[in-house]
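The values are calculated or read from the model by the stated rules, or taken from the named source; none is laboratory data. This one's a predicted model, so the numbers in the text were calculated from it and none came from an experiment. Heads up, the Cβs are rebuilt from the backbone with ideal geometry, glycines too, and the neighbour counts pull from every protein chain shown. Ligands, DNA and RNA are stripped out before the accessible areas are found, and what is left, the full protein with its side chains, is counted by its heavy atoms. Shrake-Rupley method; radii C 1.70, N 1.55, O 1.52, S 1.80 Å.
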Amino acid sequence: MPVKELHSGIYELDIDDRKILATKNMIPGTSVYGERLISDDGIEYRQWDPCRSKLGAMVLRNFDIPLDADSTVLYLGAASGTTVSHISDILMDGLIYAVEFSPRTMRDLIQLCDQRPNIIPILADANKPQSYAHIVEKVDMIFQDVAQPNQAEIAAINSKYFLEEHGHLMLSIKSRSIDTVASPKKIFKEEVRKLESGFDIEFEVLERKELDPFHEDHLGLVAQIFVDEED
Amino acid sequence: MLRSGGSELTITEFTAWFGKLKLDSQGEVQDCDLFDGNPEKLAELVVELQENSQAVPLKRTDLRDAAIECSFVELDEDYDVLLREVCIRAAKSQISRTDSDDSRIIQAVEALDDIDKNVNELSERLFEWYGRYFPELEMTGEELAGFVSAYGSRTNIPEGHELFEKASKSMGAELSFADEELLRAFANNICSLYDTRRYIENYINNSMGSVAPNLCEIAGASLGARLMSMAGSLEKLAAFPSSTVQVIGANRALFKHLRSKAPSPKHGIIFNNPVIKNAPWWQRGKLSRALASKISLAARTDFYSGELDQSIKDSLDKKLESIRQANPNPPKKKPHGKGGKRKSGGKNRSKKSGGKR
Ligand SMILES: C[S@@+](CC[C@H](N)C(=O)[O-])C[C@H]1O[C@@H](n2cnc3c(N)ncnc32)[C@H](O)[C@@H]1O
């Protein structure tokens with residue numbers, strides 16, 4: 001079976017001419033959310049459904065994914081861990097701090113953490129980074145998928161506290177959680193503007209694309225903290 | 001940033017999960033007061049700190065570096081292992097305080113039933129609608145929806161496809177582009193409902209084990225969830241006498257919940273359990289009484305202790321086996337033939353209606 005590594009730890013399998021996105025299963029034999037397990041050459045892969053994961057969709061929309069086997073990631077809005085589980089596969093020598101504020105979903109997330117050594121669960125509100133600053137170290141990447149009206153602000157304050165100087169912010173912006181009627185394009189523009197100059201921390205947006213057809217009315221975005229050369 | 005002239009010694013305090021740090025204005029550690037390394041105690045501290053958020057200096061040392069520098073741990077890996085254990089404990093204790101509920105499973109069970117009802121209606125609509133354009137297609141339900149969503153008009157079926165012949169000779173009307181798009185979108189929605197249905201089922205199967213491990217073990221995830229849903233909560237189910245558990249679901253008013261898997265209305269939904277469904281008819285009454293009594297016990301154990309108790313399952317298995325041994329052959333008369341009416345068995349039995357989903 002032809003296997004292509006799209007990014008570090010992210011694979012495209014070719015099964016009967018169908019391309020399947022996948023990661024190497026860290027815990028062979030277990031499926032996390034009902035996804036397919038595929039074995040090849042003694043390696044087990046887990047299918048990664050881009051319709052269930054913004055990050056998966058971003059991979060297929062050809063974003064440059066700033067993740068390596070030894071990255072440290074802060075994941076905001078981890079839910080029950082669908083995407084987190086794939087990042088966990090990717091980060092063989094890394095660590096994910098997974099923040100989620102719904103106790104109900106946290107329950108499922110903990111089950112995942114019990115199995116996987118590289119996920120640290122944090123039940124907290126991403127609006128209050130002070131409430132987990134005693135736990136989280138500086139990270140290489142912040143991934144955020146919280147579907148909240150103040151998504152940009154949440155990203156900004158968390159970056160301020162936790163993002164390494166040259167680290168990356170990956171953001172999924174859902175237009176409908178900001179405004180249900182306004183045009184998504186307009187909303188996205190405004191959110192990008194906020195990130196670029198709306199807060200006391202400024203970002204440089206490196207890449208932005210909508211995530212259709214996998215997710216309607218979602219924008220994916222990669223940014224870095226903007227550093228003024230003469231400081 | 002303020003830099004007070006000369007005096008570099010503006011010290012801020014910051015408490016990390018492993019100890020109290022004194023930081024200078026550059027965020028470097030000047031002094032540290034380490035906590036005891038016991039994970040349970042650290043977890044308590046972590047929760048406490050989370051609830052009373054402290055002021056956090058933006059310029060602060062990297063936590064990992066500080067922990068190693070202050071010799072709280074020796075290696076990176078030690079840091080990861082301990083922090084993970086502490087955070088898992090902390091999150092578990094936070095959850096157990098806020099949420100121990102079965103209500104999300106009940107919501108999921110009810111959502112399943114809503115989906116079933118809707119998906120059946122929508123599938124029938126699609127069948128009728130698409131039937132005008134390709135009446136020879138013998139598909140229904142998810143298969144049909146998948147087909148329409150994939151191909152739209154039958155003229156899109158490629159040569160070599162097993163239905164190509166049928167499609168080209170079809171007597172169906174032609175499908176205009178606008179109608180085709182509409183039908184596809186409609187079919188797409190049906191497909192995603194089927195997907196969601198599987199997703200929810202999966203969810204129920206995965207979460208029953210933590211919410212009601214014993215019930216899950218004895219009744220199975222799906223039946224256990226349905227019993228909780230019909231009783232209203234795990235607590236109520238635990239409070240029912242086992243004779244009630246045996247007939248939960250026989251009630252007509254509750255019955256609408258079951259639409260898809262309706263058992264004979266004389267019996268409760270525990271008749272859906274394979275132990276009973278697959279047993280010969282003359283054993284079913286006794287088996288279901290035994291099962292109901294263990295289900296009650298399981299629900300109580302889940303509600304009061306929450307720990308899996310293997311002995312319930314063992315004693316159920318023993319009981320079931322002894323019933324089977326004691327009743328190997330059908331009795332002479334049908335057990336619930338009423339009054340004087342003597343019918344030789346099998347009246348209601350032979351009607352096995354249509355296929356399972
Ligand atoms: C769209 S879901 C995330 C799905 C997940 N990223 C995945 O792909 O598997 C959004 C999640 O963010 C959580 N969330 C929303 N607001 C939050 C906040 N302020 N702090 C932490 N989590 C939040 C919600 O509870 C929900 O589970």
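A few points about this structure:
- A 1.4 Å probe run over chain A, with the rest of the protein chains in place, finds 41 Å² accessible per residue.
- Overall dimensions of the range B:101-205 as given by Cα atoms, namely Rg and Dmax in Å: 16.3, 57
- Calculated translational diffusion coefficient of the range B:2-97 (25 °C, 0.890 mPa s; Stokes-Einstein with Kirkwood radius over alpha-carbon pairs) equals 172 µm²/s.
- Just the protein heavy atoms count here, and of the accessible area of chain A at 1.4 Å, carbon and sulfur take up 45 percent.
- Rounded to the nearest angstrom and listed largest first, the equivalent-ellipsoid semi-axes of the range A:1-88 from its Cα gyration tensor are 19, 15, 13.
- Annotation: Cα Rg of the range A:151-231 relative to the compact-globule expectation 2.2 N^0.38 Å equals 1.10.
- Most positive-pole-ward Cα, B:Ser210, A:Gly56, B:Leu49, against dipole of the protein assembly as shown from beta carbon charges: B:Ser210
- Equivalent ellipsoid dimensions for the range A:76-200 as semi-axes, Å, which come from the Cα gyration tensor, largest first: 25, 17, 13
- Dipole magnitude for the range B:100-150: about 240 debye, using +1 per Lys or Arg Cβ and -1 per Asp or Glu Cβ, origin at the Cα centre.
- Debye intensity ratio I(q)/I(0), log10, the range B:212-326, q values 0.17, 0.19 Å⁻¹ (C-alpha model): -0.76, -0.95
- Modelled spin labels at B:Ala55 and B:Arg289, positioned 7 Å past Cα toward Cβ, are 7.3 nm from each other.
- Heavy atoms of the protein chains alone define the surface here; on that basis the range B:212-326 has 47 Å² accessible area per residue at 1.4 Å probe size.
- Other residues whose C-beta falls under 14 angstrom from the C-beta of A:Gly220 contribute a net charge of -3, scoring Lys and Arg +1 and Asp and Glu -1.
- Take each residue in B:82-94, count the other chain C-beta atoms within 10 Å of its C-beta, and the mean is 5.
- Dividing the radius of gyration of the alpha carbons in the protein assembly as shown by their Kirkwood radius gives 1.04 for Rg/Rh.
- Computed over chain A with a Gaussian network model linking Cα atoms closer than 10 Å, the most mobile of A:Gly167, A:Gly56, A:Gly29 is A:Gly29.
- Each Lys and Arg adds +1 at its Cβ and each Asp and Glu adds -1 at its Cβ; summed about the Cα centre, the range B:85-183 shows a dipole of about 360 debye.
- Accessible area buried between chains A and B, both sides summed, probe 1.4 Å, in Å² to nearest 100: 3100
- The 3J(HN,Hα) values that the Karplus relation (6.51, -1.76, 1.60; θ = phi - 60°) gives for the range B:46-54 are, in residue order, 4, 5, 4, 4, 5, 6, 10, 3, 8 Hz. Gly and Pro appear as x.
- Dipole size of chain A about its Cα centre, with +1 on Lys/Arg Cβ and -1 on Asp/Glu Cβ: approximately 980 debye, rounded to the nearest 20.
- Summarising the amide proton neighbourhood of A:Leu206: residues at separation of 5 or more, or on other chains, whose placed amide H is nearer than 5 Å comprise A:Val222, A:Ala223, A:Gln224.
- For the range B:2-97, relative contact order (Cα pairs under 8 Å, six or more residues apart, normalised by length) works out to 25 percent.
- Listed residues A:Ile157, B:Tyr130, A:Val192: farthest to the positive end of the dipole of the protein assembly as shown (Cβ charges): B:Tyr130
- Here the range B:160-220 and the range B:31-91 have alpha carbon centers that stand 47 Å from each other.
- Average accessible surface area per residue within the range B:101-205, 1.4 Å rolling probe, Å²: 56
- Over all directions, the projected convex hull of the C-alpha atoms in chain A averages 13.0 nm² in area.
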